[in-house]
Each structure stands twice: as C-alpha cells, then as structure tokens.
Amino acid sequence: MNPEVVAVDQDLDQEEVARIAQEYDLVVVPVIDKHLRLIGRITLDDLVDVIVDEYNEDIGHIAGTGDEEVSETSVIRASGDRLPWLLVGLFGGFLTAIVMSLYENALISLPDVTYFIPLVAALGGSIGIQSSSIVVRGLATGAIQTTDILVRLWKELRVAFLNGIICSFILAGMSWYLTDDVGRAFTSGFSLLIVVCFAAAVGSTIPIILKRMNIDPAIATGPFITTTSDIIGIAIYLGFAFNVSFSPLFSS
C-alpha cells in the first residue's frame, strides 16, 4: 500500500482533478489548502459530473457550438454560442479569397489549377483535425505532456508524410487524367504533400502551445484548425503550383 496520500489543491482545475483520480483509481479525492490542511473532498459522483462537463465542452469546441447545451431552449443564446465560430470561418474565408486574388492573372492563364483547390482545402483540414484531436485527447488523459511537443510533431509529420505520399500520387493521377500534363500532375501532387505535412504540424503543435498558455486546447480543433489550414494550405498550393508551372523547366 502506498503510504503517500494523493490530494489536490483547492485551486486546481477540475479537469486536472479528474485526470488525477483516473490515474490513481480514486473514488474520493481529498482537497487541501496551501497549508496542506484537509478542507474537503471530491466524491465519485462529482468526478463523473466533471468528466461529462469537460467532454461536452470539448465536443462543443470541436463542433463550433461553444458552451451551448443540448437542452438549450433560447434561440438567441444558441445563436450567440455558435455565431463566433461562424465568424471565424467567415473571416478565414475572406482571407482565403485575398490569397486567391493575388494569383488572379495566373488563375486566368492556368484555370485547371483551380480544379483541386476544394480537394486540397478539405484534405488539409481533415489532416489537421485528425492530428489536433489525437493531441487534445492525449493532453486530457495525461498520455501527452506539454513537454512532448517535438516528439508529437515528429510522429504526426511521419504519419502525415506517409498518408500524403499516397494521396499525392492519387491526385497526380487525377491531374494527369484531366490535364494530360505531367508537369502539372507533379506540381499538384507535390504541393498537396506539402499542405498535408503543414496541416499535421499545425494540428499537433497548436493544442500543446495553448495548453502551455493555460488555454483549453480543445479550442484548437474544429473551425480553428480548418480555417488555418484553408488559408495557409491554399497559399502553399497556389504558390508552389504557379511558381513551378511558370518555371523554365516546366513551361518549355
């Protein structure tokens, strides 16, 4: 039997309390003050309530519904919970439009490059959400620590690279079929690989950075990740595709 008593400080975040209870298989968690005096306890039913609340909060961040409750009857309040995340997406779409406008003349010259913009945006967002969801879940359970940022980044980059290679070859084949241009097929596939790796890097590091700043890392999932991946991913795709397409090697 472990002679040391596991207790939590009265100011400790409830999510961390639930994690400690899970780690040490506690059904009751003693609460102490700064003088190490026992001032209360947290029972199993309280811990279950905390876990359910944190789960619902994380789902709300992922879905972009904020703290809205399922049983919420006020349309105004429900709208207020969802609108900020919609505005984030709206602003992100505006920035994406600005990025695309920078390549207006090039898009007119090479309209077939636009065929795969929705695909690149969707795939980049999916990769980012996958990476961020894994990291957020790991941070919540204690399986991932804030000091593991480089380890997690390296793993997610390797996974993204492997999946990106497969998806890039498929996209290159699609591009070759539609354009009958080997150079265009190469640029489409390779730029997708870059976008996928970037999305994985963002998705795996942002939650850990937010956790270090004492901000709920679940914010980094859902609309935040997809918007970020869309803006920078499309910029990478268009920039690489056009710079290579207009280079002497591929334009000759």
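Filtering Ser251, Ser191, Ser245 for residues that are at pLDDT 80 or above, in contact with a helix residue (DSSP H, G or I) (Cβ under 9 Å, 6 or more places away or on another chain) and hydroxyl-bearing (Ser, Thr, Tyr) leaves a single hit, Ser191. Restricting the stretch 202-230 to residues that are of a type in the set (A, V, I, L, M) and at pLDDT 85 or above, the residue that is nearest to Thr96 (Cα to Cα) is Val202.
Suppose the filter is of a type in the set (A, V, I, L, M, F, W, C), free of Cβ contacts under 8 Å to residues at least 40 places away in the same chain, crowded, with 18+ Cβ neighbours inside 10 Å and assigned to a helix (DSSP H, G or I); does Ala185 pass it? Here the answer is yes, as Ala185 does meet what is asked. Of the residues making up the stretch 202-216, those that are touching a residue at least 60 places away in the same chain (Cβ under 8 Å), hydrophobic (A, V, I, L, M, F, W, C) and surrounded by fewer than 22 Cβ atoms within 10 Å (Cβ to Cβ) number 1. Looking only at the stretch 10-48, how many residues end up being among the basic types (Lys, Arg), surrounded by fewer than 14 Cβ atoms within 10 Å (Cβ to Cβ) and either under 18 Å from Thr146 (Cβ atoms) or assigned by TED's automatic domain parsing to the domain that holds Gln145 (or both)? Going through the stretch 10-48 one residue at a time, the tally reaches 0.
The sole residue among Ser131, Ser101, Ser126 that is in contact with a Gly (Cβ under 6 Å, 6 or more places away or on another chain), at pLDDT 85 or above and farther than 30 Å from Pro30 by Cβ is Ser131.
For the stretch 110-144, which positions are more than 16 Å from Leu157 (Cα to Cα), among the aliphatic types (A, V, I, L, M) and touching a residue at least 12 places away in the same chain (Cβ under 8 Å)?
Of everything in the stretch 110-144, those that are more than 16 Å from Leu157 (Cα to Cα), among the aliphatic types (A, V, I, L, M) and touching a residue at least 12 places away in the same chain (Cβ under 8 Å) turn out to be Leu110, Val113, Ile117, Leu119, Val120, Ala121, Val136, Leu139, Ala140, Ile144.
Is there a residue in the stretch 166-178 that is in contact with a Cys (Cβ under 9 Å, 6 or more places away or on another chain), modelled with pLDDT of 85 or more and either more than 30 Å from Arg19 (Cα to Cα) or in the same structural domain as Leu238 (by TED's automatic domain parsing) (or both)? Within the stretch 166-178 (the criterion being in contact with a Cys (Cβ under 9 Å, 6 or more places away or on another chain), modelled with pLDDT of 85 or more and either more than 30 Å from Arg19 (Cα to Cα) or in the same structural domain as Leu238 (by TED's automatic domain parsing) (or both)), the answer is no, since none of the residues qualifies.
The values are calculated or read from the model by the stated rules, or taken from the named source; none is laboratory data. These numbers were taken from a predicted model, which means no experiment stands behind them. Virtual Cβ from ideal backbone geometry, glycine too; neighbours counted across all protein chains shown.
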